[in-house]
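> Can you read through this structure? Questions will come right after.
The numbers here are math on the coordinates, done by the rules we state, and not lab data. Please read all numbers here as calculations on a predicted model, not as lab measurements.
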Amino acid sequence: SALSGGTGGRIGERGSSLSGGQRQRVALARALAADRSVLVVHDPTTAVDAATEARIATGIRRARTGRTTVLVTSSPALLAATDRVVLVDGGTITAEAPHEDLVRDHPVYRTAVLT
């Protein structure tokens, strides 16, 4: 709806007329539409604002219910929408728990995610 012409509008080759956040959302939408049993995404919301990121996190969780989704990210909004967070520090898994537990109990996680 933000594009000239709405959903029927023209987009430049390789998304050249889209902003970074719009290109990111299109790529994520395509990945979600493929509806695979396992989806791995790396920082799918780095080019969007915080409010949009929160909506995307909720949408991913809703769209991927019952399937495996691996998010490689340090985004608090995305991490808060997950069932489980695995903290890798120096190439080693150092903690595994829900986001809220790690924020409360793990100083390395808290620093990595909230600062």
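> Here are several values of Rg and Dmax of the Cα atoms in Å: [x] 15.1, 50; [y] 15.8, 68; [z] 16.0, 49. Which one was derived from the coordinates shown?
After the calculation, the listed value that fits is [z].
> Run the helix sum for the chain: -39,500 (n - 2.57) per DSSP H stretch of 4+ residues, divided by residue count, reported at 222 nm to the nearest 500 deg cm²/dmol. Walk me through the intermediate numbers first.
Working: 5 runs with 48 residues, N = 115.
Calculated mean residue ellipticity at 222 nm is -12000 deg cm²/dmol.
> Which of 33, 50, 63 moves the most in a Gaussian network model of the chain with Cα springs under 10 Å?
In the Gaussian network model the winner is 33.
> Okay, moving on. Taking Cα atoms, how many degrees apart are the long axis of helix 20-33 and the longest axis of the chain, rounded to 10 and kept between 0 and 90?
80 degrees
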